Amino acid sequence: METLWTKTDSAAPRPPLYGDTEAEVAVIGGGMAGILTALLLHERGVRAVVLEAGRVGSGTTSCTTAKITSQHGAIYAGLIERFGREKAQQYARANQRAVESYARVVKQYDIGCDFEKTDAILYSHAHEEVMRREAEAAQSLGLTASFTNRLALPLRISGAVRFTEQAQFHPLKFLSAIADELTIYENTPVRRLEKGAAVTDRGVIRADAFAVATHFPFLNKHGSYFLKLYQQRSYVLALENAPALRGMYLDERENGLSFREYDGRLILGGGGHRTGHEGGGWNALEQFAKTHYPDARITHRWAAQDCMSLDGVPYIGRYSAMTPNLYVASGFNKWGMTTSMVAAQLLTDIITGKKSPYEAVFSPSRSMLHAQLGVNAVEAVKNLLTVSPRRCSHLGCALKWNPQERSWDCPCHGSRFEENGRLIDNPATKNLRSH
């Protein structure tokens with residue numbers, strides 16, 4: 001499935017790791033979070049090496065809609081209620097700082113990635129008061145947010161929240177440029193971690209610290225990520241000959257529509273649902289495009305998969321209390337581009353011994369007592385007891401057939417496999433056994 005980004009990027013391949021090597025920090029995962037972490041460590045004078053199971057940026061990063069924004073849905077009023085004003089402000093500042101840091105990196109390294117400052121707008125069809133409350137909450141935390149009820153979309157809305165000084169870009173052009181500064185081994189999956197060493201198929205890398213940026217953490221023994229995370233699918237179309245659109249737009253509803261423009265194409269997203277559950281695929285997007293943009297032509301279609309946390313805040317920091325010198329970044333809740341920079345900055349601070357004001361709010365060891373924990377547990381038990389011709393190689397859950405994408409999907413933790421059993425998405429690390 002070729003995305004708009006993979007179609008328009010031509011990064012050269014990098015060789016796998018052959019033999020043994022050493023580094024101060026080994027970063028596992030070559031998506032946006034892993035590469036940015038290695039870059040910021042490199043800027044601090046830390047010798048970091050990246051180990052990527054496939055190609056750099058070939059996973060979740062290649063499927064993003066590539067919005068860089070501190071506007072993360074209707075989140076800030078809820079953060080203030082659940083976490084208190086101080087932690088909500090830490091979250092807001094960390095993400096707006098990330099937006100500004102992208103601009104710094106683009107300028108410093110002279111990266112041609114179509115980076116563009118623009119507004120990010122969250123809209124609602126029926127909840128004006130929710131939008132007003134969200135705008136007020138964001139303003140109170142220092143963000144450039146305001147309420148509006150006028151949008152350049154073919155939709156009736158009751159209200160919206162506009163954030164200024166946000167950005168959009170071509171993620172793989174950006175990633176390719178910063179990756180050139182680093183030592184990276186592609187096609188080098190890490191099979192296991194031992195004391196001070198990451199074991200791969202062709203060699204071992206010894207390091208003082210390890211940062212796991214593999215989308216869904218692959219170590220089940222620590223951190224309880226198989227309970228703290230679940231995954232969602234969502235769908236994207238790129239449309240040629242649609243009306244020009246300035247800004248980035250998002251429906252407040254979980255399965256609502258997303259809009260942005262790139263290189264004269266409209267990027268239309270939506271249709272979110274839990275992986276392994278029935279979803280409409282691209283059908284709703286195609287119908288919307290046919291109705292509202294009858295002269296447009298679909299040039300690309302793809303799907304994204306995102307890790308969702310229990311409380312709407314990512315897990316960034318120490319992998320667990322029992323694993324010194326092991327760190328993690330996951331649960332980006334569909335805001336992977338901005339959160340990748342947040343993760344890189346926070347992990348770099350922790351690894352280099354610098355105190356960060358954002359450590360507490362993103363701590364992976366914070367309370368798990370949220371309603372979503374019960375939903376995740378019930379989903380796991382139900383599917384462990386379900387009879388199925390295919391079972392996930394991760395923890396043995398029954399797989400569900402996805403007819404839209406012709407894949408076997410795990411409702412428990414979101415692993416996905418091709419029809420022939422070849423692994424597509426983690427946390428599973430092995431193909432299905434042949435029948």
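Using 0.36 nm per residue and subtracting the Cα-Cα separation, the extra length available between Glu194 and Thr164 on full extension is 6.2 nm.
Taking every alpha-carbon pair under 8 Å whose residues sit at least 6 apart, segment 275-399 reaches a relative contact order of 20 percent. Between Thr183 and Ser140, the modelled label-to-label distance comes to 5.0 nm, taking each label 7 Å out from Cα in the direction of the beta carbon. Of interest is the spacing of the C-alpha centroids, which for segment 371-424 and segment 52-78 amounts to 23 Å. Of the trypsin sites (Lys or Arg not before Pro) in segment 384-427, the ones in a loop by DSSP (not H, G, I, E or B) with at most 12 other beta carbons within 10 Å are Arg406, Arg422. Computed with a 1.4 Å probe over protein heavy atoms only, the accessible area of Asp20 comes to about 120 Å². Computed over neighbours whose Cβ is under 9 Å from that of Pro411, the net charge equals +1, Lys and Arg +1, Asp and Glu -1. For segment 380-429, the alpha carbon positions stretch 25, 21, 14 Å along the principal axes, listed from largest to smallest. Computed over the Cα atoms of segment 118-243, pair by distinct pair, the Kirkwood hydrodynamic radius stands at 19.7 angstrom.
Among the lysines of segment 1-152, pairs at least eight places apart or on separate chains and with Cα atoms under 19 Å apart come to 4. Of the solvent-accessible surface of segment 161-284, computed with a 1.4 Å probe over protein heavy atoms with every protein chain present, carbon and sulfur atoms account for 43 percent. The distance from the alpha carbon centre of segment 221-284 to that of segment 333-352 is 21 Å, rounded to a whole number. In the elastic network of the chain, a GNM with C-alpha springs shorter than 10 Å, the most mobile of Thr183, Thr65, Thr21 is Thr21.
Only protein heavy atoms count here; under a 1.4 Å probe, Phe83 has an accessible surface of about 50 Å². Other residues lying with their Cβ under 13 Å from the Cβ of Tyr262 contribute a combined charge of 0, Lys and Arg counting +1, Asp and Glu -1.
Helical runs (DSSP H, four residues minimum) scored at -39500 (n - 2.57) apiece and divided by the length of the chain put the mean residue ellipticity at 222 nm at -8000 deg cm²/dmol.
With N the number of residues in segment 314-367, Rg(Cα) / (2.2 N^0.38 Å) evaluates to 1.04. Compute the signed sum of charges (Lys and Arg +1, Asp and Glu -1) over the other residues within less than 14 Å, Cβ to Cβ, of Phe147. Summing Lys/Arg as +1 and Asp/Glu as -1 gives -2. Just want to confirm a number: the relative contact order over the chain, from Cα pairs under 8 angstrom separated by 6+ residues, in percent. Normalised by residue count, the contact order of the chain is 19 percent.
Counting only DSSP beta bridges whose two residues both lie in the chain, roughly 75 percent are antiparallel.
Overall, the anisotropy analysis places the chain in the rounded class: the square-rooted eigenvalues a ≥ b ≥ c of its C-alpha gyration tensor yield a/c less than 1.5. Peptides 116-123, 212-219 ranked from most to least packed by the mean count of surrounding Cβ atoms within 10 Å: 212-219, 116-123. Karplus-based coupling profile of segment 337-342, in residue order and whole Hz: 5, 5, 5, 4, 5, 4, with θ = phi - 60° in 6.51 cos²θ - 1.76 cosθ + 1.60 and x standing for Gly or Pro. Exposure check, 1.4 Å probe, all protein chains in place: Ile28 carries approximately 10 Å² of accessible surface.
The values are calculated or read from the model by the stated rules, or taken from the named source; none is laboratory data. The structure presented is a predicted model; accordingly, all values stated were derived computationally and were not measured. Cβ coordinates were reconstructed from backbone atoms using ideal geometry, including for glycine residues, and neighbour counts include every protein chain displayed. The accessibility values were calculated without ligands, DNA or RNA, using every heavy atom of the protein model including side chains. Shrake-Rupley method; radii C 1.70, N 1.55, O 1.52, S 1.80 Å.
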